[in-house]
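Q: Following this message is one structure expressed as C-alpha cells.
What follows is calculated from the coordinates using simple rules that are stated; it is not laboratory data. Computed from a predicted model, the values in this text were never measured in an experiment. Counting neighbours? That spans all protein chains shown, and the Cβs are built from the backbone with ideal geometry, glycine included.
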Amino acid sequence: MSGATRIVAAARAMVGVPFRLHGRSDAGVDCVGLAVLALGRAGQGAMAPVAYGLRSGDVGLAERWLGAAGLVRVGEGAPGDLALVRPGPLQLHLMILVPGGFVHAHAGLRRVVEMPGVSPWPVVGWWRADGGRATIG
C-alpha cells in the first residue's frame, strides 16, 4: 500500500472524531491535528505547531510550517495530499484530498467529515508528504 493510500485510509478512519481546537487525539482534532494524525498513522510521522488560532491569514507562515515539515509543494493535488485553503479573508484551513472529495475537521459541524466534490474554498496550495518523516511546525 502506498503512502498516499495509507494517508487516505487514516484520514477516512477519523471521520466522526469530534472537533477540538489544538486537538491531537481521537478525543478531538482540528484541521492541523487531523493532518498530523493521518500522516503519523500512515507512517509519515508528524508534530504540529502550537502557536496558532482559528483566525490566521498568514499564508507565508503556514507554508513555512508545511515546508519545514518535509512536505513538498506540488502544482496539482492527488489523493493523500494536503490542501491549504482559504475559507475566509483571515482564515486558513487544511484538508486531506481523498478520491471524490476531502476529509477535514469541520469547526461548524464540530466533527471530522468527508465532503464530496471540489473544495468550496480557494486552494492556496497543495502539499505532499515526501515519504519520510513529516514534522508540521
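Q: So, in nm, how far is label Ala68 from label Arg12 when the simple model puts each one 7 Å beyond its Cα toward the Cβ?
A: Label at Ala68, label at Arg12, 3.4 nm between them.
Q: Quickly rank 91-97, 71-77, 114-120 as a protection proxy: mean count of other C-beta atoms within 10 Å, highest first. Before the final figure, lay out the partial values.
A: On the way: 91-97: 23.0, 71-77: 14.0, 114-120: 12.0.
Highest mean packing first, the order is 91-97, 71-77, 114-120.
Q: What is the sum of charges around Ile7, taking Lys and Arg as +1, Asp and Glu as -1, for the other residues whose C-beta is under 11 Å from the C-beta of Ile7?
A: Details: positive: Arg6, Arg12, Arg41, Arg128; negative: Asp81.
Around Ile7, the charge tally is +3.
Q: I'd like the FRET efficiency for Gln91 and Glu114, computed as 1/(1 + (r/R0)^6) with the beta carbon distance as r and R0 of 30 Å, rounded to 0.05.
A: Numbers: r = 21 Å, r/R0 = 0.69.
The formula returns an efficiency of 0.90 here.
Q: Okay, moving on. Normalising by the residue count of the range 3-129, find the relative contact order in percent from Cα pairs under 8 Å and 6+ residues apart.
A: 29 percent
Q: Moving to a separate point now. At 0.36 nm per residue, and after removing the present C-alpha to C-alpha distance, how many nm does the segment from Asp26 to Val59 gain when stretched out fully?
A: Working: separation 33, 0.36 × 33 = 11.88 nm, distance 2.77 nm.
Length gained between Asp26 and Val59: 9.1 nm.
Q: If a/c stays under 1.5 just call it rounded; otherwise compare a/b with b/c (prolate if a/b is bigger, oblate if not). Do that for the range 3-129, with a ≥ b ≥ c from the square roots of the Cα gyration tensor eigenvalues. Write down the numbers at each step before the final one.
A: Details: a/c = 1.15, a/b = 1.05, b/c = 1.10.
Cα axes put the range 3-129 in the rounded bin.
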